[in-house]
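Worksheet for the structure shown next.
Throughout, read-outs are computed from the coordinates displayed, never taken from laboratory work. Note that this is a predicted model, so its numbers are computed, not measured. Neighbour counts run over all protein chains shown; Cβ positions are idealised from the backbone, glycine included.
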Amino acid sequence: MSWSDFEEHITREIQNLGGRYVWTDVILQGNYHIQKNVQSGNYRLLDGNRKRLKLGSYDECLTELSDLNPTFEHDHLVLLIHGLGRHAGIMDKPKLALRKSGFSAHSLNYATLLEGVDDQATHFTHLLENLKGIKRVSFVTHSLGGLVVREILSRNTHWNDVVADRIVMMGTPNQGAQIAEFLSRMKSYKFITGQSGQDVRPDQKLATLPEPTIPTLIIAGGIGNDIGFNPLLTGDNDGVVTVEETRLNGYHQFKQVKVIHTTIMDHDESIKAMLEFISK
């Protein structure tokens, strides 16, 4: 390796600092992910343990993935999509429960603080269009992740030979989040949360976002009274999103669990309801 090659390698490493919060999945095959750094434009190939196998261009990562030629365990794939300011690892508990039940289940990562719902949906649509060996895909989402999937499904419900089957939304502000509307008065809110933080406001992206046309289960967190976990919000809530804000206008199945927003995906009742719904 020449000195110039070494310098380029170090520069790439520096550009790719930021961990999970700057990387978005654009290709999924078996247990392997190709992710894009939305800041630097670099790509990396990860294995199922999130260990990096390759850092370089999209074509370089795709070539290495093709050489590995991985396959999925089942032709019904469940994609788990996390919420605002989080990462793929927070969906590991429901992911493992789905795998134990026989599904191909994989948590997707995306840079929620750096891009909005439209861009995130574009990345994941590319991923869906390039799936191999999959016939059906279902989605299990937390919070913002549900809005990303709504945007994906508003564009299409099938990708080549893959058909959208079901969606589970946990703590998703389908009617918009009043807490986001309140926080948007502060300049720091938009700086920290980016476009995604605007997209969850009631009169922004959600004003024109179509509702899912596939079977949908909504799981909301709350206490079961008029106060919820956060008395500053109107009505029962999980501390961040009210129960009513999770509702869709169209038909959907619904379940409420006594748990806060940040851990609703780990709650035993949430996971049981998810498994029963996805297995239908």
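State the antiparallel share, in %, of DSSP beta bridges confined to the range 72-278, rounding to the nearest 5.
Working: 3 of 29 bridges.
If we restrict to bridges inside the range 72-278, about 10 percent are antiparallel.
Rounded to the nearest 10 degrees, the angle from helix 187-199 to the longest Cα principal axis of the chain is 90 degrees. Taking the charge dipole of the chain about its Cα centre, with +1 at Lys and Arg Cβ atoms and -1 at Asp and Glu Cβ atoms, the residue from N230, L79, Y32 reaching farthest to the positive side is N230.
I need the peptides 110-116, 133-139 ranked by packing, meaning the mean over residues of other C-beta atoms within 10 angstrom, with the highest value on top.
Details: 110-116: 22.4, 133-139: 20.1.
Going from most to least packed, we get 110-116, 133-139.
When the listed pairs K36/K132; K93/K258; K36/K272; K95/K132; K187/K258; K95/K205 are checked against a 25 Å cut-off, the alpha-carbon distance exceeds it for K36/K272; K187/K258; K95/K205.
Quick check on the chain: helices-only [θ] at 222 nm, where DSSP H runs of length 4 and up contribute -39,500 (n - 2.57) each and the sum goes over total residues. Nearest 500, please.
Values: 9 runs with 92 residues, N = 280.
Taken over the chain, the calculation gives -9500 deg cm²/dmol.
To the nearest ten degrees, helix 3-15 and the longest principal axis of the Cα atoms of the chain are 0 degrees apart.
Magnitude of the Cβ-charge dipole of the range 134-181, K/R +1 and D/E -1, about the Cα centre, nearest 20 debye?
Details: 5 positive and 4 negative charges, 36 e Å.
Magnitude of the dipole: close to 180 debye.
If R0 is taken as 30 Å, the Cβ-Cβ distance between T208 and D75 corresponds to a FRET efficiency of 0.30. A convex hull fitted to the Cα coordinates of the range 151-280 yields 120 cubic angstrom per residue. Packing here is the average count of other Cβ atoms within 10 Å per residue, and on that basis the peptides 120-126, 22-28, highest first, run 22-28, 120-126.
Once you reduce the range 112-172 and the range 230-280 to the center of their Cα atoms, the two points are 19 Å from each other. Under a model in which nothing but the beta-carbon of Lys, Arg (+1) and Asp, Glu (-1) is charged, the chain shows a dipole of about 420 debye around its Cα centre. Note on Cα extents along the principal axes in Å: of the candidates (i) 59, 37, 35; (ii) 50, 45, 35; (iii) 66, 45, 31, the value calculated from this structure sits at (iii).
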